[in-house]
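Undergrad: Sharing a structure, written as structure tokens. Questions coming.
The values are calculated or read from the model by the stated rules, or taken from the named source; none is laboratory data. Predicted model, so just to flag it, every value in this text is computed and none were measured. All Cβ positions, glycine included, derive from the backbone under ideal geometry; neighbour counts span all protein chains shown. Remember, those area values only see protein heavy atoms, side chains included, never the ligands or the DNA or RNA. Shrake-Rupley method; radii C 1.70, N 1.55, O 1.52, S 1.80 Å.
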Amino acid sequence: MRNSRILFICLIFLYRQLCQAQSHYPGQHQGKFALNDKFTPAVYAFDLHNVRLLDGRFKDNMLREQAWLRRLNTRQLLHSFRNNAGIFDANEGGYFLIKKYGGWESLDCDLRGHTTGHLLSGLALMYAQTGDEYYKLKSDSLVKGLAEVQAVLNQEGYLSAFPQELINRNIAGKSVWAPWYTLHKIFSGLIDQYLYCDNQQALNVAEKMGMWAYKKLQNVDSNQRSIMLRNEFGGINESFYNLYAITGKKEYQWLGQFFYHNEIIDLLKQRKDI
């Protein structure tokens, strides 16, 4: 019974590792955080590259995910970003050569680009779990492509598959579908690429994006901030606090605090359910 309980705890730990990116577990990613933990934990976590799944249901699920990740085409994942930046991707805009992803990744959907962020995280975690260079090479191609888009856009570090006007609509409180959520996924993917794949270029791209956001939001007053957060902001404060922990730069701490939703969280702290 005791061994079964230990095995169950280990499986839950692995499940959390594979399904969540970036939540900080003390003991992981040594040397990659400028800020140290203030408290000494009772238990330290293993780095994912030091853990391997044995045969069983969890490994079966991982193998299915590997097959799916291998089917996805890097060029297709970057197409909406390149389209937004006006980068040549193929003749006729790739109409006949690049099969466009549909649904939430279609070129007329406000959420376009978020899947690439999710996959950057997935590829990073899969590389850490397996050590298979395939996942790192595919990751590196995506990061390199995003860095190219960021440079061509040349908008103080802004990077997305949609124009900044969607962010402007969000700040103004106008109808728009989750631009900060989408950027959160891209930030998360890039940060995971740094943490799990040692990709410095990914961190550089994420830092530039963070500095863009800092400059963008400096002139948003408290009233407009409240309207903006009521509209949508996803969980992007997680990314900014992670960048702050990794770099120690106060601009990212400011951004994390800027996205703190007082109207909801302050009441929850007071145990009021609204």
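Undergrad: Which residues, taken from region 146-177, are of a type in the set (A, V, I, L, M, F, W, C) and farther than 14 Å from ILE227 by Cα?
TA: LEU146, ALA147, VAL149, ALA151, VAL152, LEU153, LEU159, ALA161, PHE162, LEU166, TRP177
Undergrad: Conditions: (1) open to solvent by less than 10 Å² (accessible area, probe 1.4 Å); (2) free of Cβ contacts under 8 Å to residues at least 12 places away in the same chain. THR182 meets all but one. Number of the miss?
TA: Among (1) open to solvent by less than 10 Å² (accessible area, probe 1.4 Å); (2) free of Cβ contacts under 8 Å to residues at least 12 places away in the same chain, the lone unmet condition for THR182 is (2).
Undergrad: Quick one: GLN193 ticks every box in (1) touching a Leu at 6+ places or on another chain (Cβ under 7 Å); (2) closer than 21 Å to GLN253 by Cβ except a single one, so which number is it?
TA: So the condition that GLN193 fails would be (2).
Undergrad: Does region 167-174 contain any residue that is open to solvent by 40 Å² or more (accessible area, probe 1.4 Å) and touching a Pro at 6+ places or on another chain (Cβ under 9 Å)?
TA: Within region 167-174, one or more residues are open to solvent by 40 Å² or more (accessible area, probe 1.4 Å) and touching a Pro at 6+ places or on another chain (Cβ under 9 Å).
Undergrad: Follow-up question, since we're still on this one. Quickly run through region 215-251 and pick out the residues that are touching a residue at least 60 places away in the same chain (Cβ under 8 Å) and of a type in the set (Val, Ile, Thr).
TA: Those that are touching a residue at least 60 places away in the same chain (Cβ under 8 Å) and of a type in the set (Val, Ile, Thr): ILE246, THR247.
Undergrad: Looking only at region 52-87, count how many residues are assigned to a helix (DSSP H, G or I), open to solvent by less than 60 Å² (accessible area, probe 1.4 Å) and either closer than 15 Å to ILE98 by Cα or not aliphatic (A, V, I, L, M) (or both).
TA: Looking only at that region, the number is 11.
Undergrad: Next up: Check region 129-139 and report whether any residue there is on the phi > 0 side of the Ramachandran plot, free of Cβ contacts under 8 Å to residues at least 24 places away in the same chain and small (Gly, Ala, Ser). Even if it seems obvious, please write down each step before you answer.
TA: Looking only at region 129-139, we keep the residues that are on the phi > 0 side of the Ramachandran plot, and these are 131.
Filter once more, so that each one left must be free of Cβ contacts under 8 Å to residues at least 24 places away in the same chain: none.
The answer is no; no qualifying residue exists.
Undergrad: Residues in region 161-203 that are within 13 Å of SER139 (Cα to Cα) and not hydrophobic (A, V, I, L, M, F, W, C): how many?
TA: 9
Undergrad: A further question on this structure: Within region 115-122, is there a residue that is open to solvent by less than 80 Å² (accessible area, probe 1.4 Å), more than 16 Å from GLY189 (Cα to Cα) and either of a type outside the set (A, V, I, L, M, F, W, C) or touching a residue at least 40 places away in the same chain (Cβ under 8 Å) (or both)?
TA: no
Undergrad: Still on this structure, please answer the following. For region 252-272, how many residues meet the condition of being assigned to a helix (DSSP H, G or I) and without any contact (Cβ under 8 Å) to a residue 40 or more places away in the chain? Let's see the steps before the verdict.
TA: If we filter region 252-272 for residues that are assigned to a helix (DSSP H, G or I), which is where we start, we get 252-258, 262-269.
Then keep just the ones that are without any contact (Cβ under 8 Å) to a residue 40 or more places away in the chain; that gives 253, 256-257, 262-269.
Number satisfying all stated conditions: 11.
Undergrad: Now for a different question. Go through LEU142, LEU107, LEU111 for me and flag whichever is in contact (Cβ under 8 Å) with a residue 24 or more places away in the chain and buried (at least 21 other Cβ atoms within 10 Å of the Cβ).
TA: LEU142
Undergrad: Can you pull out the residues in region 229-273 that are in contact with a His (Cβ under 8 Å, 6 or more places away or on another chain) and closer than 25 Å to ASP37 by Cα?
TA: GLY235, ILE236, GLU238, SER239, ASN242, ALA245
Undergrad: Now for a different question. Within region 143-180, track down each residue that is at positive phi, touching a Lys or Arg at 6+ places or on another chain (Cβ under 8 Å) and of a type outside the set (Asp, Glu).
TA: Matches in region 143-180: GLY157, GLY173.
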